[in-house]
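**Student:** What follows is a structure written as structure tokens; I'll ask about it next.
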């Protein structure tokens, strides 16, 4: 099945392709800044929907459009993509030895209808040494990842426990997205 992905994320594309979809990318440029007093849940839901809505004007075929957004939240603080090496190191130090939430908003839409939601996954990190954090940041360059880590890379060694969807932590809650696609296809 051909679908559009309203994202440039290679991780989201790979997840969908591994699930059997033929993925066509539509870059959906939107402002990803939180709105004042917006909850993390509302933020990821809104951004996923806005990406799909922005992609509709660029779609050349009547295929489904999938959008998603993922953030890391620790003790009420949203950890977005790091702005620098130091920012990435600081984020990983904050996550060290703690449990945090990964929230992934998803949206699947046609011209007539959209289905959207969020998926929450809890991730517990073991205590990390400053040396291994610096080594990870310098090798992995996690500047395009919320919370400064990619669970599908060497950061898997940081993890003590995952409760919830692993694909959501990678960037797209695949089971929920497939369910949404089936819901749209079956009316």
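The values are calculated or read from the model by the stated rules, or taken from the named source; none is laboratory data. Small disclaimer: the values here were computed from a predicted structure and weren't measured. Cβ coordinates were reconstructed from backbone atoms using ideal geometry, including for glycine residues, and neighbour counts include every protein chain displayed.
Okay, residues lined up against (1) in contact (Cβ under 8 Å) with a residue 12 or more places away in the chain; (2) surrounded by 15 or more Cβ atoms within 10 Å (Cβ to Cβ); (3) assigned to a strand (DSSP E or B):
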{"site": "60", "(1), (2), (3)": "no, no, no"}
{"site": "69", "(1), (2), (3)": "yes, yes, yes"}
{"site": "82", "(1), (2), (3)": "yes, yes, no"}
{"site": "87", "(1), (2), (3)": "yes, yes, no"}
{"site": "102", "(1), (2), (3)": "yes, yes, yes"}
{"site": "112", "(1), (2), (3)": "no, no, no"}
{"site": "119", "(1), (2), (3)": "yes, yes, yes"}
{"site": "122", "(1), (2), (3)": "yes, no, yes"}
{"site": "127", "(1), (2), (3)": "yes, no, no"}
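**Student:** Scan the stretch 152-187 for residues that are buried (at least 23 other Cβ atoms within 10 Å of the Cβ) and assigned to a loop (DSSP other than H, G, I, E, B) and jot them down.
**Tutor:** Answer for the stretch 152-187, where residues must be buried (at least 23 other Cβ atoms within 10 Å of the Cβ) and assigned to a loop (DSSP other than H, G, I, E, B): 171, 172, 173.
**Student:** Being crowded, with 22+ Cβ neighbours inside 10 Å and under 20 Å from residue 175 (Cβ atoms) is the requirement here; does residue 23 meet it?
**Tutor:** Taking the combined requirement at face value, the residue does not satisfy it.
**Student:** Condition first: outside any helix (DSSP H, G or I) and at pLDDT below 95. Now tell me which residues in the stretch 1-14 satisfy that.
**Tutor:** 1, 7, 8, 9
**Student:** What number of residues within the stretch 15-49 satisfy the criterion of being closer than 17 Å to residue 119 by Cα and in a helix (DSSP H, G or I)?
**Tutor:** The qualifying residues number 12.
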